[in-house]
Amino acid sequence: QERLTESGGGSVRAGESLRLSCAASGVIVKPYTMGWYRQTPGEQRELVATIDSVGGETYADSVKGRFTISGDSAEKTVYLQMNNLKPEDTAVYYCNVKGVGFITYECWGQGTQVTVSA
């Protein structure tokens with residue numbers, strides 16, 4: 001069974017940084033996208049950043065220039081470097097992997113809390 005495990009969340013003050021990690025336990029079949037989403041209570045889950053199996057990256061406008069997504073295919077791990085954090089970044093962050101070719105699948109991690117205080 002594929003499992004995604006997030007780590008690296010925590011409580012920081014505005015302007016500080018965190019690095020989130022997401023490790024996959026099983027085989028990730030290409031082509032795929034891996035990404036980070038975030039959600040606050042009562043709100044729809046929001047796309048933060050994605051990286052695909054050929055290195056293409058996308059970012060939400062709200063995090064461009066502050067967040068960087070990267071991956072280590074050998075270790076089946078995706079990272080989210082979050083710099084200059086703001087209170088509005090406070091959310092539960094979820095890792096996602098999605099098969100986007102003929103082999104289709106989607107898995108979610110259980111989430112990691114990020115809290116940014118002013």
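The values are calculated or read from the model by the stated rules, or taken from the named source; none is laboratory data. Bear in mind the structure is a predicted one, so any value in this text is a computation, not a measurement. Cβ sites come from the backbone with ideal geometry, for glycine too, and all protein chains shown count toward neighbours. Please note that ligands, DNA and RNA were not included when accessible areas were found on the heavy atoms of the full protein model with its side chains. Shrake-Rupley method; radii C 1.70, N 1.55, O 1.52, S 1.80 Å.
State all residues of region 7-27 that are modelled with pLDDT under 95 and either within 21 Å of Thr115 (Cβ to Cβ) or surrounded by 19 or more Cβ atoms within 10 Å (Cβ to Cβ) (or both); if no residue qualifies, say none.
Within region 7-27, just Ala24 meets the criteria.
Looking at region 73-91 only, could you name the residues that are open to solvent by 20 Å² or more (accessible area, probe 1.4 Å) and more than 10 Å from the chain's Cα centre (by Cα)? Before you say what the answer is, go through the steps one by one.
First, pick out the residues of region 73-91 that are open to solvent by 20 Å² or more (accessible area, probe 1.4 Å): 73-76, 79, 81, 83-84, 86-88, 90.
Result: Ser73, Ala74, Glu75, Lys76, Asn83, Asn84, Lys86, Pro87, Glu88, Thr90.
Would you say Val54 is hydrophobic (A, V, I, L, M, F, W, C) and open to solvent by 40 Å² or more (accessible area, probe 1.4 Å)?
Working: hydrophobic (A, V, I, L, M, F, W, C): yes; open to solvent by 40 Å² or more (accessible area, probe 1.4 Å): yes.
Against the criterion (hydrophobic (A, V, I, L, M, F, W, C) and open to solvent by 40 Å² or more (accessible area, probe 1.4 Å)), Val54 qualifies.
Just to be sure I understand the filter: pairs with C-beta atoms under 6 Å, separated by 6 or more residues or on different chains, first member in region 69-98 and over 15 Å from Ser7 (Cβ atoms), second member among the small types (Gly, Ala, Ser) and open to solvent by less than 10 Å² (accessible area, probe 1.4 Å). Which pairs pass?
Listed pairs, sorted by first residue: Ile69/Ala49; Asn96/Gly35.
Quick one: would you say Gly35 is outside any strand (DSSP E or B) and of a type in the set (Gly, Ala, Ser)? Give the derivation first.
Values: outside any strand (DSSP E or B): no; of a type in the set (Gly, Ala, Ser): yes.
So Gly35 does not fit the description; no.
Out of curiosity, is Gly42 out of contact with any strand residue (DSSP E or B) (no Cβ under 8 Å at 6 or more places or on another chain), open to solvent by less than 40 Å² (accessible area, probe 1.4 Å) and not in a strand (DSSP E or B)?
Working: out of contact with any strand residue (DSSP E or B) (no Cβ under 8 Å at 6 or more places or on another chain): yes; open to solvent by less than 40 Å² (accessible area, probe 1.4 Å): no; not in a strand (DSSP E or B): yes.
It is false that Gly42 is out of contact with any strand residue (DSSP E or B) (no Cβ under 8 Å at 6 or more places or on another chain), open to solvent by less than 40 Å² (accessible area, probe 1.4 Å) and not in a strand (DSSP E or B).
For region 57-118, which fully contained strands (runs of 3 or more DSSP E) count at least 2 residues that are aliphatic (A, V, I, L, M) and either on the phi < 0 side of the Ramachandran plot or touching a Cys at 6+ places or on another chain (Cβ under 8 Å) (or both)? If you could, list the steps in order and put the result at the bottom.
Values: elements: 57-59, 67-72, 77-82, 91-100, 104-108, 112-117.
Here the list reads 77-82, 91-100, 112-117.
Here's a check for you: in region 45-72, which residue that is more than 12 Å from the chain's Cα centre (by Cα) and among the hydroxyl-bearing types (Ser, Thr, Tyr) is modelled with the highest pLDDT?
The extreme case among them is Ser62.
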